[in-house]
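The values are calculated or read from the model by the stated rules, or taken from the named source; none is laboratory data. Computed from a predicted structure; not experimentally measured. Cβ sites come from the backbone with ideal geometry, for glycine too, and all protein chains shown count toward neighbours. Protein only, heavy atoms only, side chains kept; ligands, DNA and RNA dropped before computing areas. Shrake-Rupley method; radii C 1.70, N 1.55, O 1.52, S 1.80 Å.
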Amino acid sequence: MPPPADIVKVAIEWPGAFPKLMEIDQKKPLSAIIKEVCDGWNLPNPETFSLQNADSTNFYITEKNRNNIKNGSILRLTTSAAQMAQQLHERIQSSSMDMKLDALKDLANSSRDITFAQEFINLDGISLLTQMVESGTDFGDLLSFTLTAFVELMDHGIVSWDTFSVAFIKKIASYVCKSAMDTAVLQRSLAILESMVLNSQDLYQKVAQEITIGQLIPHLQGTDQDIQTYTIAVINALFLKAPEEKRQFDEDNVNILDCPLTEMAHILAQKQLRSIILSNVIRSNKPINDEMAHQLYVLQVLTFNLLEDRMMTKMDPQDQAQRDIIFELRRIAFDVECESNNSGSIEKRKSMYTRDYKKLGFINHVNPAVDFTQIPPGMLALDNMLYFARHHQDAYIRIVLENSSREDKHECPFGRSSIELTKMLCEILKVGELPSENCHDFHPMFFTHDRSFEEFFCHCIQLLNKTWKEMRATSEDFNKVMQVVKEQITRALTVKPNSLDQFKSRLQNLSYTEILKLRQSERMNQEDFQSRPILELREKIQPEIMELIKQQRLNRLCEGTCFRKISSRRRQDKFWYCRLSPNHKVLHYGDLEESPQGEVPHDSLQDKLPVADIKAVVTGKDCPHMKEKGALKQNKEVLELAFSVLYESDEYLNFIAPDKHEYCVWTDGLNALLGKEMTSEFTRSDMDTLLNMEMKLRLLDLENIQIPEVPPPIPKEPSNYDFVYDCN
């Protein structure tokens, strides 16, 4: 007869004693169980003891998490969280340096547990740690463990970041500004500065008076990738919080944190941040890890977001300075100077301007300024055109004159093309959108030039003109050409070129003919059968395929997924793992110290949730953790990856999937467990793929073509390599 569900068999350890095997009744109060354990070892004052997980986490067992105890768990009887907090609070104030160091080590380790953290914070422990830092008497390991404990305690979100003094901020900033500083101290200090900037506008202003870009750059020139990552994370945080309003500043003694975004970009260029990141990070001998890739992606996105202001600014047709830019485009293209007032009649000059503006490819030949009133791309398109005309003058003149000599319907309108291309590039690079919390998609080539977006445009506008000629397009084909150009650009970007020259070479290989070949190949792979008998057969076998997809989703849930814990301090690299039990009855989950290299066994996951207790699965804005106040609330991509499992009355398990595929796998799998329909885009895609494959196999079977049960053998390695392959 199976044991009652409320009885859990565990082993309990106590230093110096033989482990005790006992059955825990989950219906009994935890205090009664602890008293029973203490009585067994004749330990007085059971109220001063608690149970702990005897694993790498050492987390306390509480009434809230006790249901996560599984059969076979090993627990440890230990000092209660309140008692431990009191002891450590006293020990870290010891006059003995050795005792103090040991206490700070224990504090840094224990502070990861929210139960202990709450007790220590209740003793005003955060204030004690900040006073120790402000005093400036501790160095080396003492300071390192003090800051580590502080970071761990703050990460629980119990204490507001707005409570810290200017003296504390100055001290943390001083550790970052010193040329020679202990690596661990520097790392923690950078993490604290990042959290301050991200979590408090008031603290951002205070930090603004302490740190300059020049003080951060030396940390990028070192060889420690972790320090480089933390440094770029701080710069990204400053970018995110930079005020939008204009401010005056002195370039000789500039304070980067006190500048608006547009001026901040100028300062970063002055300090050569881009070239330092390129040479010391991107092109260093060390491979770029995921966290560094994410920070580079964030910096790339925030840098391109500086273009948003120009992208959303309409041109004022009455603004002479803006009109002069159009005059400059005409002057460079046709090598003409502005005629004086007496160089001919007004009508004649108007006629000349109209003719030239038509050759330049503007929609409005009389007043081209009207073309730039569309937002996006607004004035950004005109900026790109002027940059191309000035910095790639030969290519600009060639394109304009080449098209002006064609028949009207065959000319590629430079002005209209530039406006639409700029808009397309902004869409591809997602200019104006917040960076995703889980993306690592940075492009090295954008770090190779100070004006990378403008250079990107210059290569793409030349591609557009080339593709137009290859397609022998007319004005009616404009939208078709733009679609092909977009496909060429996105395909070229997928290979992550290391430089703009490599990007240009990739575009050269992706001619219109090559795009047609790729499309044809993809179309053949996705061939759709539309005859009535085949459609009826597809409909008949669709439930069978859907059941196959359902089993695959459930199998993936049984394998499990590692999720990153999202908090105000993103780079903490804390993970948790969740997987479904093989019998599909229970979700097992628990915290991890680091990202796993394979599946995590059920036994190492501390918590569990019976599937029968799940009430609903919600996604996006309906998730409880997306309704909470914070930066994530505004992040569209994070919203698209968020889902929550609701159980009991007000309990929930919150997820943010690592990518869209895992999001679809988990939401589909959870809906399948609850007997609901799987509706994700990946389910539709898998259904089409499997149906098409099944249809092809059945058609082959009708033709009596035998399909082997096993794949053909791999050809043996040749014994003689002395041969030549004719590439032609």
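Of all residues in the range 694-711, those that are of a type in the set (Asp, Glu) have Cβ atoms under 7 Å from Cβ atoms of residues that are part of a helix (DSSP H, G or I), 6 or more apart or on another chain, in Glu694/Ile541; Glu694/Ile545.
So which residues in the range 372-391 are open to solvent by 20 Å² or more (accessible area, probe 1.4 Å) and assigned to a helix (DSSP H, G or I)?
Scanning the range 372-391 gives Thr373, Asp383, Leu386, Arg390, His391.
Considered as a group, the residues in the range 78-104 that are touching a helix residue (DSSP H, G or I) at 6+ places or on another chain (Cβ under 7 Å) and of a type in the set (Val, Ile, Thr) include one that is surrounded by the most Cβ atoms within 10 Å (Cβ to Cβ), and that residue is Ile92.
Looking at the range 492-517 only, could you name the residues that are open to solvent by 50 Å² or more (accessible area, probe 1.4 Å), over 20 Å from Ser417 (Cα atoms) and either of a type in the set (Lys, Arg) or touching a residue at least 24 places away in the same chain (Cβ under 8 Å) (or both)? Result: Lys496, Asn498, Gln502, Arg506, Thr513, Lys517. Taking every residue in the range 177-189 that is among the β-branched types (Val, Ile, Thr) and pairing it with any residue that is modelled with pLDDT under 95 and part of a helix (DSSP H, G or I), at least 6 positions away or on another chain, the pairs with Cβ-Cβ distances below 6 Å are Val185/Leu143; Val185/Ser144; Val185/Tyr175.
On the basis of being at pLDDT below 90, within 27 Å of the chain's Cα centre (by Cα) and not β-branched (Val, Ile, Thr), does Gln634 make the cut?
Details: at pLDDT below 90: yes; within 27 Å of the chain's Cα centre (by Cα): yes; not β-branched (Val, Ile, Thr): yes.
Judged against the criteria, Gln634 is a match.
Once the range 305-318 is narrowed to residues that are assigned to a helix (DSSP H, G or I) and within 18 Å of Ser418 (Cβ to Cβ), the residue that is most open to solvent (accessible area, probe 1.4 Å) is Arg310.
Against the condition in contact with a Ser or Thr (Cβ under 9 Å, 6 or more places away or on another chain), free of Cβ contacts under 8 Å to residues at least 40 places away in the same chain and buried (at least 17 other Cβ atoms within 10 Å of the Cβ), how does Phe59 come out, does it pass? Quick ask: steps written out before the conclusion?
Details: in contact with a Ser or Thr (Cβ under 9 Å, 6 or more places away or on another chain): yes; free of Cβ contacts under 8 Å to residues at least 40 places away in the same chain: no; buried (at least 17 other Cβ atoms within 10 Å of the Cβ): yes.
The answer is no for Phe59.
For Cys338, the criteria (1) in a loop (DSSP other than H, G, I, E, B); (2) modelled with pLDDT of 75 or more hold in every case but one, which is (2).
Could you tell me whether any residue of the range 105-119 is more than 15 Å from Glu152 (Cβ to Cβ), small (Gly, Ala, Ser), open to solvent by less than 70 Å² (accessible area, probe 1.4 Å) and in contact with a helix residue (DSSP H, G or I) (Cβ under 6 Å, 6 or more places away or on another chain)? No, the range 105-119 has no match at all. Candidates are the residues of the range 291-303 that are farther than 17 Å from Ala191 by Cβ and of a type outside the set (A, V, I, L, M); the one that is most open to solvent (accessible area, probe 1.4 Å) is Thr303.
Taking Gln205 as the residue in question, decide whether it is open to solvent by 10 Å² or more (accessible area, probe 1.4 Å), of a type in the set (S, T, N, Q) and at pLDDT 90 or above. Walk me through it before giving the result.
Values: open to solvent by 10 Å² or more (accessible area, probe 1.4 Å): yes; of a type in the set (S, T, N, Q): yes; at pLDDT 90 or above: no.
When the stated conditions are applied, Gln205 does not pass them.
Residues are listed down the side, and each one gets a yes or a no for (1) open to solvent by less than 20 Å² (accessible area, probe 1.4 Å); (2) over 30 Å from the mean Cα position of the chain (by Cα); (3) under 24 Å from Ala389 (Cα atoms):
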site	(1), (2), (3)
Thr448	no, no, yes
Phe453	yes, no, yes
Ile461	yes, no, yes
Glu487	no, no, no
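In the range 392-416, the qualifying residues are those that are of a type in the set (Gly, Ala, Ser) and either within 27 Å of Ser452 (Cβ to Cβ) or in contact with a Leu (Cβ under 6 Å, 6 or more places away or on another chain) (or both), and the one that is least open to solvent (accessible area, probe 1.4 Å) is Gly415.
Could you say which residue among Leu153, Leu143 is in contact with an Asp or Glu (Cβ under 8 Å, 6 or more places away or on another chain), open to solvent by less than 10 Å² (accessible area, probe 1.4 Å) and part of a helix (DSSP H, G or I)? Lay out the reasoning, then the answer.
Details: Leu153 fails: in contact with an Asp or Glu (Cβ under 8 Å, 6 or more places away or on another chain).
Residue meeting the stated conditions: Leu143.
Criterion applied to Met678, Met687, Met695 was being under 29 Å from Ile534 (Cβ atoms), open to solvent by less than 30 Å² (accessible area, probe 1.4 Å), at pLDDT 80 or above and in a loop (DSSP other than H, G, I, E, B), and the one residue passing it is Met678. Filtering Gly675, Gly669 for residues that are among the small types (Gly, Ala, Ser) and more than 25 Å from the chain's Cα centre (by Cα) leaves a single hit, Gly675. Scanning the range 120-136 for residues that are surrounded by fewer than 19 Cβ atoms within 10 Å (Cβ to Cβ) and closer than 18 Å to Thr183 by Cα returns a single hit, Gly136.
Take the residues of the range 175-202 that are within 19 Å of Asp138 (Cβ to Cβ) and open to solvent by 40 Å² or more (accessible area, probe 1.4 Å): which is modelled with the highest pLDDT? Looking at the filtered set, the residue picked out is Arg188. What about Asn384, is it of a type outside the set (Gly, Ala, Ser) and without any contact (Cβ under 8 Å) to a residue 12 or more places away in the chain? Judged against the criteria, Asn384 is not a match.
Checked against (1) open to solvent by 30 Å² or more (accessible area, probe 1.4 Å); (2) out of contact with any Phe, Trp or Tyr (no Cβ under 9 Å at 6 or more places or on another chain); (3) without any contact (Cβ under 8 Å) to a residue 60 or more places away in the chain, Gly72 passes all but a single condition, namely (3). The set of residues in the range 469-485 being aliphatic (A, V, I, L, M) and over 37 Å from the mean Cα position of the chain (by Cα) consists of Met471, Ala473.
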